[in-house]
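Down below is the structure, laid out as structure tokens.
The values are calculated or read from the model by the stated rules, or taken from the named source; none is laboratory data. The structure presented is a predicted model; accordingly, all values stated were derived computationally and were not measured. Here the Cβ positions follow ideal geometry from the backbone for every residue, glycine too, while neighbour counts run over all protein chains shown.
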Amino acid sequence: MWVLRLILRNTARHKLRTLLTILGLALAIVAFQVIQTTLQTWNAQLEASSPRRLITRHAVSYTFSLPLAYYDKISRLPGISKVGYANWFGGIYNNDPKNFFAQFPMGPEHILDIYPELIIPQEQKEQYLADKSACIAGQKLVDRFGWKIGDVIRLTSQIYPGQWDFVLKAIYKGRDPAVDENGMYFHWDYFDDKVRQISEGWAGNVGWYIVEINDPKDAAMVSAEIDALFKNSPQQTLTETEKAFSAGFIAGFDTIIAGMKIISFLIIGVILLVLANNMIMGARERVNEFALLKTLGFRPFHIFGLLFGESFAIAIIGGIVGVILSYFAISFMAIALAAFFSSIFIAAKTIIYSILLAMLVGLLASLLPIYRTIKTSIVDGLRNIG
Amino acid sequence: MSEPMVKINAVSKVYHRDSIQIPVLQNINLTIEEGDFLALMGPSGSGKTTLLNLIAGLDRPSAGDVIVAGENISSLSEGGLAEWRSRHVGFIFQFYNLIPVLTAYENVELPLLLTKLSKKERHEHVELALKVVGLEDRMKHFPRQLSGGQEQRVAIARALVTDPSIILADEPTGDLDKISAEEILVLLSRLNSEFKKTIIMVTHDPRAAERAHTRRYLDKGELA
Ligand SMILES: Nc1ncnc2c1ncn2[C@@H]1O[C@H](COP(=O)(O)OP(=O)(O)OP(=O)(O)O)[C@@H](O)[C@H]1O
Ligand SMILES: [Mg+2]
């Protein structure tokens, strides 16, 4: 008990210094958690992809399109239950680039069955299918712009000229939090008709095919079969799982991700130095108090307990304050980045990880001052008087 | 006649700094009887503190034997020595060496934390020790709220609380004004006469030395 009391009193000796150290630790933990959470959100988005879905795209780049004629050929292959197709529309709402969200024309009708994670009320689904110019939007998107069913949504596209009006007929919700609710979908046929009016040559082009297979185990085999089918065509294909496709999409971020990981651990290194510095200063100022304790018969493990306890207490408090601040930081981030990420939240794992790291920092930061204090002889310690 | 409290046989102490040897004490022989009040005097740098530290078991001699309260200190392990100190020796320093974040009460209680005494027993001991030094009404004060003389009295209470056989004081009045110094000396005399403590006090002050029963002079590492 007395050890705890002395630890607390020691911690409160230089209130400002301790407070600044705790704040430094807390901010570092916030940075660590924000980075970790961002990385996890990316990963969750990848993991949310279905293992039953393959994406077939142009072998050279997903910016090139494929002929609609591939649809029938792919559909006839064994092991495949349904095929759909989609394009990247690249539209802007209300002519404001800040209003960015993803839109896709997609078809044919049964494509909605390939995406069981998009939950749409049956009645709305029927309304959507019954109207050529209808569209479906995610709940978050609808909330963001305050849309209601029946609203006309006007898009302009950087790719396809003119104004594009869609009637909101259905709103989908994600089956689980990882599903993005920021998407907008409309009928591919309607899209293709309008494209044909702009330029005959542009029509009949599909951005990519979505292939639903019966058994995820067949993914590699079916992919190879699809690609073999178009091996000798002018537009060769590349088929991969949806997950691999999404991962490839953000592959450009690979180095950024690696950099972020490194930074998050460098931050931990920095707080280790901050706390170690605090502890070394504290122990040095008290050299002769420790000499007195030893004179009275206190042993090295008492010294260890006092210094380790103090370092550990500061680290834990810093960790907890950091976790609390992170909650606010990440809630803010979730709102600010709602258009890009389906859902951002701190995983329990990240919190536990942060607290464990704080504990480790607490331990490591105390080792050098503990070693020095124990090594200093009583006689030298007592001589070291103000 | 009983065993002497302190017996120092042919003790030398050499400090090593880098490759240089600094001889501090040479061939010291000293016997201090139980119940004595000895003043150790001598010029600065003559080795008084060093000798006191050897008797206290804070340091080990380079040669010779130091036997205190029947124990040959040189033969004890580091841990054994710590244990021995906590049971047999009370310390008083020139600069009091109180822990600033602990109250007078808690400072006095400090040595008792290493004993098996219950909280209640510790309380009784601490109260008694503070009463002896006349500070029972200052128990809750922190060192910075006390005068130098009062701080030294707290330190004396701390030295006393474990009921040690020997009390070692290194210039206990060195940092005090005349009146406070006088109070401390009266207190030490009482510890010696009333509580039968053997006291060894290093001092520069001839008036302080007068309080002692025995006076020894150390010069250039040798006892006169
Ligand atoms: N740890 C040490 N390392 C090296 N030299 C030391 C050490 N401790 C003491 N000395 C030297 O030993 C000599 C005696 O020191 P000591 O402190 O015993 O003297 P003192 O008689 O107590 O002096 P003062 O009256 O100034 O307190 C001094 O020259 C001092 O420099
Ligand atoms: Mg001295």
Residue check for B:Leu52: in contact (Cβ under 8 Å) with a residue 12 or more places away in the chain, closer than 22 Å to B:Lys196 by Cα, within 16 Å of ligand 2 (Cβ to nearest atom) and surrounded by 20 or more Cβ atoms within 10 Å (Cβ to Cβ): yes
Restricting region A:240-274 to residues that are β-branched (Val, Ile, Thr) and not in a helix (DSSP H, G or I), the residue that is modelled with the lowest pLDDT: A:Ile250
Options B:Ile156, B:Ile167, B:Ile184; residue that is part of a strand (DSSP E or B), surrounded by 21 or more Cβ atoms within 10 Å (Cβ to Cβ) and more than 16 Å from ligand 1 (Cβ to nearest atom): B:Ile167
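When you look at A:Lys349, is it crowded, with 21+ Cβ neighbours inside 10 Å and of a type in the set (Lys, Arg), yes or no?
It is false that A:Lys349 is crowded, with 21+ Cβ neighbours inside 10 Å and of a type in the set (Lys, Arg).
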The listed residue being away from chain B (no Cβ under 14 Å), at pLDDT 85 or above and either closer than 23 Å to A:Ile320 by Cβ or within 25 Å of the chain's Cα centre (by Cα) (or both), out of A:Phe100, A:Phe32: A:Phe32
Complete set of residues in region A:146-194 that are of a type in the set (Phe, Trp, Tyr) and under 18 Å from A:Gly90 (Cβ atoms): A:Tyr160, A:Trp164, A:Phe166, A:Tyr185, A:Phe186, A:Trp188, A:Tyr190, A:Phe191
Residues that are surrounded by 14 or more Cβ atoms within 10 Å (Cβ to Cβ) and either among the hydrophobic types (A, V, I, L, M, F, W, C) or at positive phi (or both), drawn from region A:11-34: A:Ile22, A:Leu23, A:Leu25, A:Ala26, A:Leu27, A:Ala28, A:Ile29, A:Val30, A:Ala31, A:Phe32, A:Val34
Close pairs (7 angstrom Cβ cut-off, 6 or more residues apart or separate chains): within 9 Å of chain A (Cβ to nearest Cβ) in region B:71-94, in a strand (DSSP E or B) anywhere: B:Trp84/B:Glu71; B:Val89/B:Ile166; B:Val89/B:Leu168; B:Phe91/B:Leu168; B:Phe93/B:Asp170; B:Gln94/B:Asp170
Odd one out for B:Ala104 among (1) at the interface with chain A (Cβ under 10 Å from one of its Cβ atoms); (2) within 20 Å of the chain's Cα centre (by Cα); (3) at pLDDT 95 or above: (1)
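Please pick out the residue among A:Ile330, A:Ile351, A:Ile378 that is within 14 Å of another protein chain (Cβ to nearest Cβ) and touching a residue at least 40 places away in the same chain (Cβ under 8 Å). Even if it seems obvious, please write down each step before you answer.
Values: A:Ile330 fails: within 14 Å of another protein chain (Cβ to nearest Cβ); A:Ile351 fails: within 14 Å of another protein chain (Cβ to nearest Cβ).
Step by step, each of A:Ile330, A:Ile351, A:Ile378 is checked, and only A:Ile378 is within 14 Å of another protein chain (Cβ to nearest Cβ) and touching a residue at least 40 places away in the same chain (Cβ under 8 Å).
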Given (1) farther than 20 Å from A:Leu363 by Cβ; (2) out of contact with any Leu (no Cβ under 8 Å at 6 or more places or on another chain); (3) outside the structural domain of A:Glu212 (by TED's automatic domain parsing), number of the condition A:Pro234 does not satisfy: (3)
Residue tally, condition more than 13 Å from every other protein chain (Cβ to nearest Cβ) and buried (at least 21 other Cβ atoms within 10 Å of the Cβ), over region B:59-70: 2
Qualifying residue in region B:139-154 (condition: within 10 Å of chain A (Cβ to nearest Cβ) and within 25 Å of B:Thr50 (Cβ to Cβ)): no
Answer from A:Lys125, A:Lys132 - the residue that is surrounded by 14 or more Cβ atoms within 10 Å (Cβ to Cβ) and touching a residue at least 24 places away in the same chain (Cβ under 8 Å): A:Lys125
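Which is within 16 Å of ligand 1 (Cβ to nearest atom), under 30 Å from B:Asn29 (Cβ atoms), β-branched (Val, Ile, Thr) and in contact (Cβ under 8 Å) with a residue 24 or more places away in the chain, of B:Thr162, B:Thr203, B:Thr198? I'd like the intermediate steps shown before the answer.
Details: B:Thr162 fails: within 16 Å of ligand 1 (Cβ to nearest atom); B:Thr198 fails: within 16 Å of ligand 1 (Cβ to nearest atom).
Exactly one of B:Thr162, B:Thr203, B:Thr198 is within 16 Å of ligand 1 (Cβ to nearest atom), under 30 Å from B:Asn29 (Cβ atoms), β-branched (Val, Ile, Thr) and in contact (Cβ under 8 Å) with a residue 24 or more places away in the chain, namely B:Thr203.
The rows are residues; the columns are (1) basic (Lys, Arg); (2) under 30 Å from A:Thr37 (Cα atoms); (3) loosely packed, with under 15 Cβ neighbours inside 10 Å; (4) in contact (Cβ under 8 Å) with a residue 24 or more places away in the chain.
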site: A:Gly183; (1), (2), (3), (4): no, yes, no, yes
site: A:Glu212; (1), (2), (3), (4): no, no, no, yes
site: A:Asp215; (1), (2), (3), (4): no, no, yes, yes
site: A:Glu240; (1), (2), (3), (4): no, yes, no, yes
site: A:Phe245; (1), (2), (3), (4): no, yes, no, yes
Any hit, region B:192-205, residues being at positive phi and either modelled with pLDDT of 95 or more or of a type outside the set (S, T, N, Q) (or both): yes
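Right, B:Thr173: within 16 Å of ligand 1 (Cβ to nearest atom), farther than 21 Å from A:Ile378 by Cα and either crowded, with 19+ Cβ neighbours inside 10 Å or β-branched (Val, Ile, Thr) (or both) or not? Write out each step before concluding.
Values: within 16 Å of ligand 1 (Cβ to nearest atom): yes; farther than 21 Å from A:Ile378 by Cα: yes; either crowded, with 19+ Cβ neighbours inside 10 Å or β-branched (Val, Ile, Thr) (or both): yes.
It is true that B:Thr173 is within 16 Å of ligand 1 (Cβ to nearest atom), farther than 21 Å from A:Ile378 by Cα and either crowded, with 19+ Cβ neighbours inside 10 Å or β-branched (Val, Ile, Thr) (or both).
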